[in-house]
Amino acid sequence: MKVKIQDYDDVTVVELQGELDGDVAELFQNTITDIIAKRKAGIVLDMSGVGFIDSRGLEQLLWSRDYCNQNKREFRLAGLDENCMRILEITRLENEFDHYAEIAEAVKSFV
């Protein structure tokens, strides 16, 4: 998995490329904790480059949401493709996350 980070004022966008699975759990968790340590208002995960999420990836998404909440930060998903959205629906997690079709829309939601 490739991770690219961009800051937009007080929001950090994390662009993910590849599969969100157990192989990248440590990298993913370290990325989130590093961003929260910078005291940003929130995180948007750009999921447009993610084609698959396994159970460990789902755990990481839930952990990220909870970690942000514990640190009084917001967490959003953006750009979920049809396959990833279907995975969230099958696992009944689609309502557990604020998700947006476009990154810009997700970033604007922090205002």
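Throughout, read-outs are computed from the coordinates displayed, never taken from laboratory work. Since the structure is predicted, the reported quantities are computational estimates derived from the model, not experimental observations. Counting neighbours? That spans all protein chains shown, and the Cβs are built from the backbone with ideal geometry, glycine included.
Using the 2.2 N^0.38 Å rule of thumb for compact globular proteins, work out how region 2-108 stacks up: its C-alpha Rg over that value, please.
Working: Rg = 12.4 Å, N = 107, 2.2 N^0.38 = 13.0 Å.
It is 0.95.
Could you let me know the centre-to-centre spacing of region 1-44 and region 49-90, using Cα atoms, in angstrom?
Using only Cα atoms to place each centre, the spacing works out to 11 Å.
Helix 55-70 sits at what angle to the longest principal axis of the chain, using alpha carbons and giving 0 to 90 degrees rounded to 10?
For 55-70 against the chain, the angle is about 20 degrees.
Determine which lysines satisfy two conditions relative to K40: a Cα distance under 18 Å, and not lying fewer than 8 residues away in the same chain.
Here the lysines satisfying the reach criterion relative to K40 are K4, K72, K108.
Give me V44, V111 sorted ascending by neighbouring Cβ count inside 10 Å, so fewest comes first. The partial results should precede the final answer.
Working: V44 28, V111 8.
Neighbour counts put them in this order, fewest first: V111, V44.
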